[in-house]
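Data block below; observations after.
The values are calculated or read from the model by the stated rules, or taken from the named source; none is laboratory data. Just so we're clear, the structure is a prediction, and the values are computed from it rather than from any experiment. When we count neighbours, we look across all protein chains shown, and the Cβ atoms used for this are built from the backbone with ideal geometry, even at glycine.
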Amino acid sequence: MPQFDYSTAFSRNIGWVTEAEQSTLRNVRVAIAGMGGVGGIHLLTLARLGIGKFNISDFDTFDQVNFNRQAGATMQTLGRAKVDVMLEQARDINPELDIRVFPEGVNETNLDDFFKDVDIYVDGLDFFVFAAREAVYRACERLRIPAVIAAPLGMGTAIVNILPGRMSFEEYFRFEGVSDNEKALRFLLGLSPAMLQRGYLADRSTVDFAGQRGPSTAMACQLCAGAAATEALKILLKRGKVLAAPHGYQFDAYENKLTHTWRPWGNNNPIQRLGLAIARWQLGLK
C-alpha cells in the first residue's frame, strides 16, 4: 500500500490556497457536533480540504432511514455508531488526522472539553435538537469561537455565520422562553427568511413540527458541505468577505436562485415577525 503523504494528497488545493495557507489549515482544529445528514459530509469535505484536527460528537447509530442523505449510512454500517464510522472514513482520507471523539454527544457537562483548542465550530446537529444547540452557542459566545450554520432546506442550503463580537445566536434566533414548536419555526425562518424552498414542497403533510420530522435530500446536504467548508476556509484564513448574522444567504438549486438575506434584530424584525405569524397560521401552531 502506498505511504500517505500530506503534501501530495492535498496538492490540488494549491492554487485556490497558497502553500502557507494549506499549512495553516493542516494545523487548525474544527469542532463538528453531529455526524448525520450534514455533520458527516462536513467532516469529509473539511478533511479533503486538508484540515488536520477535529473534535466530533454524536451518540446515535446508523439506520436505514439515513440512507437518503447521510455520508456514512450503508448496509455495512447499520447499527454502528456514527462517530466510529465517520472517524474511519475521515482517516481513510488522511491517516494523520488528530480527531477527538465525543460518543455521548454534546451537553452542558462536556462543552469545555469539546471546544478545547477549537478554532471554529461547524454545526451538524439535527434540526430539532434545541437544548444542545442553545448550549453549544452559549459556549461559542463565551469562548469567542466563530460558528457556521449551513441548513439543508429542500434542494438547497441557507448559511448564517455567528461570529465573536457580532450578533449572537440568541440575539438573532430568539429562542429564550418559547416552546419547541416555536423554536423550530424561528430557526427555520431565521435561517431562510426568503423561504426559496417553499414553492416546490410536494407533500406538505411530511412537515411535522410536533413530531419533529421533515423531509430531506442528499443534494441539500452536499450543497451545505460545500458552502460551510468555504465559509470555514474564509474565516480560518481571514480572506474574502464573510457575512455574519443578521446577514446570511440562501442558494436553491431547484429554483436556480441565490438570495442575500438581512434581518436587523433577527427574528424580532417587524417583517420577520409578520412572516412568523403567517407561518404559525399556515401550520396551525399556537
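Couple of notes before you dig in:
- Any hit, segment 101-114, residues being surrounded by fewer than 17 Cβ atoms within 10 Å (Cβ to Cβ), in contact (Cβ under 8 Å) with a residue 24 or more places away in the chain and in a strand (DSSP E or B): yes
- Against the test of being among the small types (Gly, Ala, Ser) and within 22 Å of residue 125 (Cα to Cα), the options 232, 194, 253, 202 yield a single qualifying residue, 232.
- Residue 136 satisfies every condition listed in (1) closer than 15 Å to residue 162 by Cα; (2) free of Cβ contacts under 8 Å to residues at least 60 places away in the same chain except (2).
- Among residues that are farther than 28 Å from residue 185 by Cα and buried (at least 16 other Cβ atoms within 10 Å of the Cβ), residue 119 is included.
- Filter result for the condition that a residue is more than 22 Å from residue 36 (Cβ to Cβ) and β-branched (Val, Ile, Thr), over 148, 178, 160: 178
- Criterion: of a type outside the set (S, T, N, Q) and either out of contact with any strand residue (DSSP E or B) (no Cβ under 6 Å at 6 or more places or on another chain) or in a loop (DSSP other than H, G, I, E, B) (or both) - qualifying residue of 220, 228, 277, 232: 277
- Extreme residue, farthest from the chain's Cα centre (by Cα), among residues of segment 224-260 that are surrounded by fewer than 21 Cβ atoms within 10 Å (Cβ to Cβ) and of a type in the set (S, T, N, Q): 256
- Pairing residues of segment 259-286 that are farther than 10 Å from residue 189 by Cβ with residues that are modelled with pLDDT under 95 and part of a helix (DSSP H, G or I), at Cβ distances under 8 Å and at least 6 apart in sequence or on separate chains, gives 285/181; 285/279; 286/280.
- Residue match in segment 202-218 (condition: loosely packed, with under 12 Cβ neighbours inside 10 Å, at negative phi, modelled with pLDDT under 95 and aromatic (Phe, Trp, Tyr)): no
- Number of residues in segment 235-274 that are closer than 19 Å to residue 173 by Cβ, hydrophobic (A, V, I, L, M, F, W, C), in contact with a strand residue (DSSP E or B) (Cβ under 6 Å, 6 or more places away or on another chain) and not in a loop (DSSP other than H, G, I, E, B) equals 1.
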